[in-house]
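A short write-up of the structure that comes next.
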Amino acid sequence: MTDQERAALTDRARRIRGHIIKMLAAAGSGHPGGSLSAVEILTFLYFRRMRYDPKNPQWPDRDRFVLSKGHAAPVLYATLAEAGFFPVETLTTLRRFGSILQGHPDMKKTPGVEMSTGSLGQGLSAANGMALAGKLDKKDYRVYVLLGDGEIEEGQIWEAAMTAVHYKLDNLTAFLDYNHLQIDGRIEEVKSNTDPVGRFRSFGWHVLEVDGHDFAALERAVDEAQATKGKPTMIVAHTVKGKGVSFMENQVGWHGTAPKPEEAQKALAELGLA
Amino acid sequence: MTGKPNQFILSQTLLELAKEDERVIALVCDSRFSAHLAEFAAVLPRQFIEVGIAEQNVVGIAAGLATCGKIPFVFTPAPFLSMRSAEQIKIDVAYSQTNVKLVGISGGVSYGALGTTHHSLQDLAVMRAIPGLPVVVPSDNRETALLVRELKEHRGPVYLRTGRGPVPDVHEAGFVPKLGKGCLLLPGIDLAIVVCGELVRAALDAGIFLHERGISARVVEIHTIKPLDEELILEAARETKAILTVEEHSVYGGLGSAVAELLVQNRLSIPMRILGIPDEPAIVGSQLEVFRYYGLTLEGIVAEALKLLGVDITDIKTDIKVKGA
Ligand SMILES: Cc1ncc(C[n+]2csc(CCOP(=O)(O)OP(=O)(O)O)c2C)c(N)n1
Ligand SMILES: [Mg+2]
């Protein structure tokens, strides 16, 4: 990745952060923390890696991305808008009556959304199905899925983790948004849900750890995932919840609270977008 | 007039009860804030169990606690509790008759704008179909507080749904609800409006509105969907000319279905209409926007009542204003 390419991705990520802040402020509710922590992962996937056609969202050979932690819908919507699936102006209709952008993603309403999510724990299974279909149909598309570190407290995640290994789903790459926070507090306070690296590894996954805000590191990890045959890869992305907005970073209270207009202004100023 | 959220009242009441009785345990799934239990967790840490995002697990844990004499109250959003954990509820709680109190918080379309994943519009149907599980949906703060006290003393499982937003008062001071007993809120002989939960106030206002215009509407609140107060409903069907049921739930399987099943099997054939959310993913919007869209408002209830009675809407003055909206 050249410096120029990295700068372009960084700029894209900044714009996506700006959209997230604006859309949440306009909606008056929603989830900033877990949206901001995943910005680089989605930016990397949609602007550097994935194969898709925004004019033909159902193209059968497209790569798929499943947002299993569906409450981070704002980052997905902002990314899809930047990628051209629908106009950027639509973003501020988030959560409005009749909008295509509801609080959690609906695959029937929003172009580019691959799976309806929001009930945590279900996305990895759906991604398994997409990866299995790819194998059955001898297609070379790849499937990506993003999980929350709180989300993996759901048992279904571990059922799916075994399935992905059993069927050698090497066309599946999962990301864990390892931001160490859920709603009720820090992950380790809520539940001894620690060492995801060791746990996924013991289930038979190829596991990598990266700085989830570093594009070059993400690229190396995804390259390695793609080159790894016979097993799925889990990229444990060390991230900061609320990343990019100083007063939201690492603050559990910004999980599901929208910024007020003054706070949004402050956030946009920090992002150099005011 | 307008009170607090019922789930806030429930948790405040439970904190009082838990201070007096250490068998009371509150369990949450990363949901202590939405359940208004942060204070409970701080004051009574030994009686508070956080299980993280694991709705199936929490139900099993509660069942185990109950077998050891505890009185567990599980708090997690109604859409996840009633659907993801349905089997654990069927087996570990209802079939096993463990003394578990399942509290589905943010029920109905409390989380209207969050989308279908967060709507719980089938919970009453699913829970009602499980043998041995009473189903309760309180309307206002007073009723919620008193029903929780009664449920704590009542031995056996229950599913109780509360909502997220503040609710207007329905009941007067001095009113005492009784599990399994409906409440006659307004007498009338032309038609009966049978209603539950957070729509009771709108239905009562609709009844008053109709009375003011010469239509004698009876309003019956059913906070216990199961076991149903059959007598009160049969009486309403015998003494009026039509039945309108109103609920924040799918038109399949909830209060309306329960009433219809009862009437049909008692050979009571009178005009009836089930007002609720039709069989589709509900429209997405705030709770009030969803209510308006589906006519779950004073105006909507009045319009349905008039239609049932065959009264032309233009026949009566329609200066309807939404109260407390
Ligand atoms: C099945 C289910 N249970 C509970 C919730 C409520 N909920 C939404 S987000 C969240 C916390 C998620 O934490 P994490 O996965 O760490 O997400 P992030 O930190 O990335 O925002 C919870 C409990 C839900 N959406 N689905
Ligand atoms: Mg997290």
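Things worth noting here:
- For chain A, the relative contact order works out to 24 percent when only alpha carbon pairs closer than 8 Å and six or more residues apart are counted.
- Set B:Lys90/B:Lys152; A:Lys168/A:Lys241; A:Lys191/B:Lys19; A:Lys22/A:Lys109 screened for pairs whose C-alpha atoms are more than 23 Å apart: A:Lys168/A:Lys241; A:Lys191/B:Lys19
- Residues whose placed amide H lies under 5 Å from that of B:Ala192, excluding near-sequence neighbours: B:Arg218, B:Lys241, B:Ala242, B:Ile243, B:Leu244
- The stretch B:44-111 versus the stretch B:242-297: alpha-carbon centroid distance in Å: 27 Å
- Burial ordering of B:Glu172, B:Glu22, B:Glu55, fewest other beta-carbon atoms within 10 Å first: B:Glu172, B:Glu22, B:Glu55
- Convex hull volume per residue in cubic angstrom - Cα atoms of the stretch B:183-323: 102 Å³
- Of all DSSP beta bridges in chain B, antiparallel share, percent nearest 5: 20 percent
- Neighbour count of at most 10 Cβ within 10 Å plus DSSP loop: longest trypsin sites (Lys or Arg not before Pro)-free window in chain B: B:1-154
- Cα gyration tensor shape of the stretch A:32-119, rounded if a/c is under 1.5, else prolate or oblate by comparing a/b with b/c: rounded
- Selection of trypsin sites (Lys or Arg not before Pro), the stretch A:181-234, meeting DSSP coil and at most 12 other Cβ within 10 Å: A:Lys229
- Couplings 3J(HN,Hα) of the stretch A:84-96, computed from phi: x, 6, 7, x, 4, 4, 5, 4, 6, 8, 2, 6, 7 Hz, in residue order, whole Hz [Karplus 6.51 cos²θ - 1.76 cosθ + 1.60, θ = phi - 60°; x for Gly and Pro].
- Rounded tilt (10° steps) of B:230-239 against the dominant C-alpha axis of chain B: 10 degrees
- The calculated 222 nm mean residue ellipticity attributable to helices in chain A amounts to -11500 deg cm²/dmol, summing -39500 (n - 2.57) over DSSP H runs of n ≥ 4 and dividing by all residues.
- Using a cutoff of 8 angstrom between alpha carbon atoms and counting only pairs six or more residues apart, the relative contact order for the stretch B:170-286 works out to 27 percent.
- With neighbour counts taken as other beta-carbon atoms within 10 Å, the residues B:Ile71, B:Ile105 rank, fewest first, as B:Ile71, B:Ile105.
- Theoretical FRET efficiency, 1/(1+(r/R0)^6), r = Cβ-Cβ of B:Arg267 and A:Ala133, R0 41 Å, to 0.05: 0.15
- The sum of -39500 (n - 2.57) across all DSSP H runs of n ≥ 4, divided by the residue count of chain B, sets its helix-only mean residue ellipticity at 222 nm to -10000 deg cm²/dmol.
- Loop-located chymotrypsin sites (Phe, Trp or Tyr not before Pro) in the stretch B:143-217 whose Cβ has at most 16 other Cβ within 10 Å (DSSP): B:Phe175
- Options B:Pro45, B:Leu15, B:Met83, ranked by Cα towards positive dipole end of the stretch B:2-168, top entry (Cβ charges): B:Met83
- Mean separation of Cα contacts under 8 Å, 6 or more apart, over the residue count of chain B: relative contact order %: 17 percent
- For A:Arg64, residues with placed amide H under 5 Å, excluding near neighbours: A:Arg142, A:Val143, A:Tyr144
- The stretch B:2-168: C-alpha gyration tensor shape, a/c 1.5 cut-off, then a/b vs b/c: rounded
- Taken as entire DSSP H runs, the helices of chain A that both span 24 Å or more between Cα atoms along their own long axis and average -0.5 or more on the Kyte-Doolittle scale are A:3-27.
- Footprinting exposure proxy ranking of A:Ser116, B:Ser139, fewest other C-beta atoms within 10 angstrom first, gives A:Ser116, B:Ser139.
- Degrees separating the helix B:200-212 axis from the principal Cα axis of chain B, which is the longest one: 20 degrees
- Nearest 10 degrees, 0 to 90: helix B:55-67 Cα axis against chain B principal axis: 70 degrees
- Backbone amide hydrogens, once placed in the peptide plane, bring B:Leu185 within less than 5 Å of B:Val219, B:Val220, B:Glu221, excluding anything fewer than 5 places away on its chain.
- Restricting the stretch A:95-142 to trypsin sites (Lys or Arg not before Pro) that sit in a DSSP loop and have at most 10 other Cβ atoms within 10 Å of their own Cβ leaves A:Lys108, A:Lys138.
Here, each number is a calculation from the coordinates, and none is a lab measurement. If you're wondering where the values come from, they're calculated on a predicted model, not measured in any experiment. Heads up, the Cβs are rebuilt from the backbone with ideal geometry, glycines too, and the neighbour counts pull from every protein chain shown.
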